[in-house]
Every structure is written in C-alpha cells, then in structure tokens.
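K.L.:
Once you've had a glance at the structure underneath, I'll fire off some questions.
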Amino acid sequence: MVTQEELQKIIAEPERWKAIERNPLETDDLRFVSGAGKSFEKIILSDTQVPEKRVRKLVILDTETTGITADAELIELAFCVCSYDVRTKEVLSIDCLFDAFSKPEREPSEEIQQLTGIRPDMLKKRLMWEDFAEYLPERCLVVAHNASFDRRIFEKTFNRPESWDLHWADSLTEIRWAEKGYKAKNLEMLAYLCGYWYQAHRAINDVLMLLQVLRATQTLRELCEAAAQVSIEIEVKCSFDDKEKVKEAGFRWRSEGKSWVKVYRSMADWGRERQVLPRSIKVVGSQVLNSQTRFKN
C-alpha cells in the first residue's frame, strides 16, 4: 500500500519511480478443473478471429518439489492449456487450468515449506496420471521454465501412455533473452523487467506468469522454432578455477550430478564453442532433447 506521503514523492519526481503491476492473469477468482464440482470457463485473451485449422494447443507446466536433487519428489503440479494461432503465434485463450498437490514419500523440508508455502497437511494423496489426463491434449507443445528439471520430475512421477506425444520446450534456455535486452532470465526477474510482480514458488502462479511473459515479450514464435529443431543438452564437469568461465558461457549448475549443463541447437554449435572453453572441461553426458519429426508448428 502506497502512503499519501509516498504518493506525493512519486508525483513530485515520477522519473525516480517505476510502477509494476500484479500479473493480470493471476486473479483471486480463478477456477481450476481439479476442484471438486468446478467447471472451467474459457478465458479469452484475444478477439482475433482465427480459422480453426490454424489453431494449435499449447501447455505451460510447472512443478514444485521436495528439492532439486536426483531424488526430489513432486509436491505440486500445475499447467494451463492454451490455444494459439499457428501462423502469428498469438495466444488466443486459456482453455483449462489445472493445479493439484501430490503427497511424496518424505515430507518436504522446512526450507521448501517456507519457500513454497506448501505444508505437509496440504499433501493428502499421491497425484496419479488418471487425475489429470483428461485435461491434457494428447499431442501438444509443453513449455516449462527450466524444462529439463520439470520434464524429469514429470516423467519420473507419471507413467503416461505412448499415445500422448508431449514435446517439450524450455523458455529458460531456448529463448535468446540476452539478445533481447534481458540481462537475467529467471522468471521472477523477467516478470519484473516486463513490469509485473506475482506470488512466486507456487506452481500455478509460475505457470500464469510464464504465460504472461511469453505474451508480453512475443517470444512464443522463437520457442516454437526451437522446438521444431533438434537440440542437444551437453553435460560437463570442470575444475574449480574454471567454473566462473563455464557459468559465463551459459552453463547451468546441476546439483544432482555435480555438473554443468547447456542446451545447443546443434552439435556444430557445441563444437565451435568447445574450442574457446577452458581445457579442464570434460564432457560427462549428452542428450538429444528434440526430434524434428515430432513437433511441427
């Protein structure tokens, strides 16, 4: 709440202040399909009239877990299903919102409880695939911010039928944020730079904020283009002295393997950068994340 005194200061020197808005998609009356007896009414985001043949489905997903190590367990899953124009990449509507808790084998630590606000008494049952499968399109692009983590948690927790062709895209690594003038790419900072604030570290709020950031920055096209290409995740280890250089090159720390990972558009891109990286770097793993035959814009 801004006091009258603070308001007068803002009026006197508006150039010294920046106003930020709560994420307009994060409202107090949101309804979720996981709620008993609740139906979801489509939220229209654009009045553009688009032929049905140009409409595709997009899922934005996030998880909250007991930690970030290899044995981390799911405690919250949230996703929204959207429709978008395949030609313009404009998000047209939110067709479904899902949010539910999941009971892990071990209770989340005090640190995780404080971070997320999720207490053990809120985790009453283990979430199963059947609890949300009817709301998830069988073929769609799934976007997550740090998708390599969310995808591992999702696929470790749920045994989905092979008919569900979920193709993953990572808004953290597959959008060239720095080239667009964003010096940080964690979701909270991207939201702030776009002029928004939100209640972070709850899966449904992170989902809605990521959707709003993609709309505000008009970066869905870049994500779709990246998802239609093969991408390679390179995992490396290096000496302590070279860790800052590896970090500056865009690698992210993976605690469960005590290693560094980065996604490249091709092996050629990795080969070129390998020439300028410190000699102490040792490749300990690589993984093809996308296949050109699986996702088409």
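K.L.:
Say we join alpha carbon atoms closer than 10 Å with springs in a Gaussian network model of the chain; which of Asn186, Asn23, Asn146 then has the biggest fluctuation?
P.N.:
Asn186
K.L.:
Helix-only mean residue ellipticity at 222 nm, the chain, DSSP H runs n ≥ 4 weighted -39,500 (n - 2.57), per residue, nearest 500. What is it?
P.N.:
That comes out to -6500 deg cm²/dmol.
K.L.:
Ranking Val55, Val288 by Cβ neighbours within 10 Å, fewest first, what do you get?
P.N.:
Least to most surrounded, the residues fall as Val288, Val55.
K.L.:
Can you sort Ser46, Ser171 from fewest to most other Cβ atoms within 10 Å of each residue's own Cβ?
P.N.:
Lowest to highest Cβ neighbour count: Ser46, Ser171.
K.L.:
Could you give the radius of gyration (one decimal) and Dmax (whole number) of the Cα atoms in the range 30-143, in Å?
P.N.:
Cα radius of gyration and Dmax of the range 30-143 are 16.5, 50 Å respectively.
K.L.:
Show which aspartates and glutamates lie in cross-link reach of Lys124 when reach means a straight Cα distance below 13 angstrom and same-chain residues fewer than eight apart are skipped.
P.N.:
Filter leaves Glu76, Glu105, Glu107.
K.L.:
Counting DSSP beta bridges in the range 20-227, what percent are antiparallel, to the nearest 5?
P.N.:
Within the range 20-227, antiparallel bridges account for around 65 percent of the total.
K.L.:
Find the centroid of the Cα atoms in the range 240-266 and in the range 5-28, then give the distance between the two in whole Å.
P.N.:
37 Å
K.L.:
Let me ask something additional. Work out the FRET efficiency for Gln275 and Gln113 from their Cβ-Cβ distance, taking R0 = 35 Å, and round it to the nearest 0.05.
P.N.:
0.15
K.L.:
Does the chain come out rounded, prolate or oblate by the C-alpha gyration tensor, with a ≥ b ≥ c the root eigenvalues, rounded set by a/c under 1.5 and, if not, prolate when a/b is larger than b/c and oblate if not?
P.N.:
It is rounded, given that a/c, with a ≥ b ≥ c, falls under 1.5.
K.L.:
For the range 41-111 and the range 134-204, what is the separation of their Cα centres, given in Å?
P.N.:
The two parts, judged by their Cα centres, are 8 Å apart.
K.L.:
Figure the gain on full extension for Asn159 and Arg139 (residue separation times 0.36 nm, minus the Cα-Cα span) and round it to one decimal in nm.
P.N.:
5.6 nm
K.L.:
Have a look at Arg119, Arg106, Arg31 and tell me which one the Gaussian network model of the chain (Cα, springs below 10 Å) gives the largest fluctuation.
P.N.:
Highest fluctuation among the options: Arg106.
K.L.:
Residue by residue through the range 18-31, which ³J(HN,Hα) values in whole Hz follow from phi under the Karplus form 6.51 cos²θ - 1.76 cosθ + 1.60 (θ = phi - 60°), with glycine and proline marked x?
P.N.:
10, 8, 10, 10, 4, 3, x, 7, 9, 10, 6, 10, 4, 10
K.L.:
Once you've got the GNM for the chain with C-alpha springs shorter than 10 Å, pick whichever of Glu52, Glu162, Glu13 has the biggest mean-square fluctuation.
P.N.:
Looking only at Glu52, Glu162, Glu13, the biggest GNM fluctuation is shown by Glu13.
K.L.:
Report, in listed order, any pair from Lys18/Lys262; Lys156/Lys185; Lys18/Lys183; Lys18/Lys258 with a Cα-Cα distance greater than 29 Å.
P.N.:
Lys18/Lys262; Lys18/Lys258
K.L.:
With viscosity set to 1.306 mPa s and temperature to 10 °C, compute the Stokes-Einstein D of the range 232-288, Rh being the Kirkwood radius across alpha carbon pairs; µm²/s, no decimals.
P.N.:
Estimated diffusion coefficient is 141 µm²/s.
K.L.:
In what order do Asp165, Asp121 fall by count of nearby beta-carbon atoms within 10 Å, going from fewest to most?
P.N.:
Asp121, Asp165
Coordinate-derived values only; no laboratory data. Quantities reported herein were computed from a predicted structural model and do not represent experimental measurements. Every residue, glycine as well, gets a Cβ built from its backbone with ideal geometry; the counts of neighbours run over all protein chains shown.
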